[in-house]
1. Given bins 10 angstrom wide, list per bin the percent of all Cα-Cα distances in the stretch 123-191, short to long.
2. Among (1) 114; (2) 194; (3) 133, find the value of volume of the Cα convex hull per residue in Å³ that was calculated from the structure presented, and write down its label.
3. Add +1 for every Lys or Arg and -1 for every Asp or Glu among the other residues with Cβ under 15 Å from the Cβ of Q188, and state the total.
4. Take a quick pass over the stretch 68-191 and tell me how many lysine pairs come in under 30 angstrom between Cα atoms, counting only ones 8 or more apart or on separate chains.
5. Expressed as a whole percentage, what fraction of the accessible surface of the chain belongs to carbon and sulfur atoms when a 1.4 Å probe is rolled over the protein heavy atoms?
6. For the stretch 1-155, calculate the relative contact order in percent as a whole number, restricting contacts to Cα pairs under 8 Å that are 6 or more residues apart.
7. Once Rh is set to the Kirkwood radius over Cα pairs, what Stokes-Einstein translational diffusion coefficient, in µm²/s, holds for the stretch 95-138 at a temperature of 20 °C and a viscosity of 1.002 mPa s?
8. So with the 1.4 Å probe, I'd like the accessible area per residue for the chain, rounded to whole Å².
Amino acid sequence: MRSLLVIDNPRENVLSIEQTLEEYGYSVLFASNDEMAKSHLPKADAVILHLALGEVKVWGSRLLQRKRVPMLWWCSADTAASSAAFCEDDLPIDGVLTPSMSEQEMHWALHFGSKTCFERQQWLNERKQLEARLEERKWIDMAKGILCKIKQVSEAEAYDLLRKQAMNERKRIVDVATSIVKVYQLLQEQK
């Protein structure tokens, strides 16, 4: 991680952050508005937010829509004083940096922030997959219920019917189940 995007308002506050990060060997990009952030974000390996935590939430969600990067909060005396009310909020922050950190401390904080960011992304992907499986299971269960009712068979036999139909049509079971449920609902509406 070499290129860092620092987001701050106004630019005068960020000079000491830039100097510190550049001394530690990082390339620093700066943004104080959405347009600047949008243009610099593709080049950034991480984002450092030197803002009150209330603004961090807004900026974080905006930036994450564009690119998944580690986001760290620069906790200075100014930002800490204006952030007390937001300590318990769900913030898109992967780590915290402070002006008093040494080069090694900064390096490790960025490293662990990056690790946290990518672990969170992995959890989000797993969650999406699990939600998709649950949705598929719901369609299959509804179709089994319909087949049990119409054909007077057990759930196991209804599942076998679904599976055989899916194999015959070379489709996924969930696709066959969805078709059955939708046709059944359509026929029920016409009664």
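1. Spelled out bin by bin, the stretch 123-191 gives 21, 45, 25, 7, 1 percent.
2. It is the value labelled (2).
3. Numbers: positive: K149, K182, K191; negative: E189.
Value of the local net charge: +2.
4. 29
5. Numbers: 6170 of 11620 Å².
Carbon plus sulfur share of accessible area: 53 percent.
6. Numbers: 192 pairs, mean separation 28.6, N = 155.
Relative contact order of the stretch 1-155: 18 percent.
7. Details: Rh = 12.5 Å.
Reported coefficient: 171 µm²/s.
8. Values: 11620 Å² over 191 residues.
Computed with neighbouring chains in place, this is 61 Å² per residue.
The values are calculated or read from the model by the stated rules, or taken from the named source; none is laboratory data. Since the structure is predicted, the reported quantities are computational estimates derived from the model, not experimental observations. Don't worry about glycine lacking a Cβ; one is built from the backbone with ideal geometry, like all the others, and counts go over all protein chains shown. We work out accessible area using only protein heavy atoms, side chains counted, and drop any ligands, DNA or RNA first. Shrake-Rupley method; radii C 1.70, N 1.55, O 1.52, S 1.80 Å.
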